[in-house]
Structure formats: C-alpha cells, structure tokens
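Quick note: the coordinates plus some simple rules give every number you see, no bench work behind them. Since we're looking at a predicted model, the values are computed, not measured.
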Amino acid sequence: MHNLTQEQLAEKIGVSRQTVIAIESDKYLPSLGLAFKIAHLFEVKIEEIFIYKGGKDED
C-alpha cells in the first residue's frame, strides 16, 4: 500500500495530484478531515504522518 504514486494517492483520498505534491512539500496544510483520510488509508495514527510545527501563539 505504501508504493502508491502521487496520482494514485490523490485518487484514493479524493484530491488532485497537485494537492498531494503541495502537502508533501509543506506548501499546503490539509484539512483535518483530509489528514484523517490519509492516516486511515495507511492504517496509522494521524500523528505518525503529520507533525504540528506551529508556535505557542498559534494554538
């Protein structure tokens, strides 16, 4: 399952390939719903895929 192309991943989670590229390059933060879709697809906890990088003031 981890050998997906960007296009295959995009199709499985219902977004464009460009969105997957933007997420991978930290140019786009996915919605919480999309983040959960990705975690569910890979059968891992959301924290294993996404790391919160905000500061204290961004809570």
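Using 0.36 nm times the number of residues separating Glu7 and Val44, minus their current alpha carbon distance, what extension gain do you get? The partial results should precede the final answer.
Details: separation 37, 0.36 × 37 = 13.32 nm, distance 2.05 nm.
So the chain would gain 11.3 nm between Glu7 and Val44.
Within the chain, count lysine pairs with alpha carbon atoms under 23 angstrom apart where the residues are 8 or more positions apart or belong to different chains.
So the count of such lysine pairs works out to 10.
Cα gyration tensor of the chain, axes a ≥ b ≥ c as square roots of the eigenvalues: rounded (a/c below 1.5), prolate (a/b > b/c) or oblate?
Details: a/c = 2.24, a/b = 1.55, b/c = 1.45.
Judged from the Cα gyration tensor, the chain comes out prolate (a/c at least 1.5, a/b above b/c).
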